Amino acid sequence: GQNIDQPTEMTATEGAIVQINCTYQTSGFNGLFWYQQHAGEAPTFLSYNVLDGLEEKGRFSSFLSRSKGYSYLLLKELQMKDSASYLCAPRGGYQKVTFGTGTKLQVIP
Amino acid sequence: GAGVSQSPRYKVAKRGQDVALRCDPISGHVSLFWYQQALGQGPEFLTYFQNEAQLDKSGLPSDRFFAERPEGSVSTLKIQRTQQEDSAVYLCASSLGTSGSTETQYFGPGTRLLVL
């Protein structure tokens, strides 16, 4: 099975940097996704990590350590529109992606 | 199409009714997934299709849930004899391929099901 742990809620200030951590245990590992989900909307793709290290994409970066079962999502220059839930989703067995409960991020002025 | 579409967007059913939820994936996408999302939770995997083949249905909560994708494109999730605990958002996602970055799943807007 798969066990995913990420903080339930976080608050950060507009313009700041925030790091959302995720630890996971999977039976097999074939990559990890991060998705953003605004309230009442469908999840949208942010990043995909297969190898260890940092992947940077604009204001968003994602890090993976396979040996530690650990990933984080880094959001820079926070904007009010970044207020959303962020879902950590490791891919374990064949094609099966398991989503965490998500971290609800609130960006305040 | 431009994205994954789902219909209906909202469905209210009386307990015991059967419902059918439709998903139109992005054209050419091989893989199709169904998820159930309860309020405040992440999406929970229900089932997975590769073309018309249902390769994994381990997440279907009971035999009242049935999914099909007969021609490898449109999929239908059917729930028989709905119960109040079935109330949730049902998300459909599709991905282009089956390896690497082609596995990125693109989600539809979801069907919000309320069972009274």
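Within the range B:42-67, which residues are in a loop (DSSP other than H, G, I, E, B) and surrounded by fewer than 16 Cβ atoms within 10 Å (Cβ to Cβ)? Full working, then the answer.
In the first step, residues of the range B:42-67 are kept if they are in a loop (DSSP other than H, G, I, E, B); the result is B:42-43, B:51-52, B:57-64.
Within the range B:42-67, B:51, B:52, B:57, B:58, B:61, B:62, B:63, B:64 meet the criteria.
Tell me which residues, restricted to the range B:68-95, are part of a loop (DSSP other than H, G, I, E, B), in contact with a Phe, Trp or Tyr (Cβ under 9 Å, 6 or more places away or on another chain) and more than 19 Å from residue B:14 (Cα to Cα).
Narrowing the range B:68-95 to residues part of a loop (DSSP other than H, G, I, E, B): B:69-74, B:80-83, B:87.
Subsequent filtering for residues that are in contact with a Phe, Trp or Tyr (Cβ under 9 Å, 6 or more places away or on another chain) retains B:69, B:72, B:80.
Those that are part of a loop (DSSP other than H, G, I, E, B), in contact with a Phe, Trp or Tyr (Cβ under 9 Å, 6 or more places away or on another chain) and more than 19 Å from residue B:14 (Cα to Cα): B:69, B:72.
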Legend entry - the range B:1-55, subset touching an Asp or Glu at 6+ places or on another chain (Cβ under 8 Å) and closer than 15 Å to residue B:96 by Cα, residue modelled with the lowest pLDDT: B:1
Legend entry - Failed criterion for residue B:71 (all others in (1) closer than 21 Å to residue A:42 by Cβ; (2) over 13 Å from the mean Cα position of the chain (by Cα); (3) without any contact (Cβ under 8 Å) to a residue 40 or more places away in the chain hold): (1)
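Mind checking which residues of the range A:43-72 are outside any strand (DSSP E or B) and within 17 Å of residue B:103 (Cα to Cα)? Break it down into steps so the answer makes sense when it comes.
Within the range A:43-72, the first condition is being outside any strand (DSSP E or B), and the residues that meet it are A:43, A:50-52, A:58-59, A:66-69.
Of everything in the range A:43-72, those that are outside any strand (DSSP E or B) and within 17 Å of residue B:103 (Cα to Cα) turn out to be A:43, A:50, A:51.
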Inset, instruction - Please verify whether the range A:42-55 includes one or more residues that are without any contact (Cβ under 8 Å) to a residue 40 or more places away in the chain, of a type outside the set (S, T, N, Q) and touching a Pro at 6+ places or on another chain (Cβ under 6 Å). - result: yes
Legend entry - Tally of residues being buried (at least 17 other Cβ atoms within 10 Å of the Cβ) and more than 14 Å from chain B (Cβ to nearest Cβ) across the range A:24-60: 1
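The values are calculated or read from the model by the stated rules, or taken from the named source; none is laboratory data. In this text, all values refer to a predicted model and were calculated from it rather than measured experimentally. As a convention, Cβ positions derive from the backbone with ideal geometry for all residues, glycine included, and neighbour counts pool all protein chains shown.
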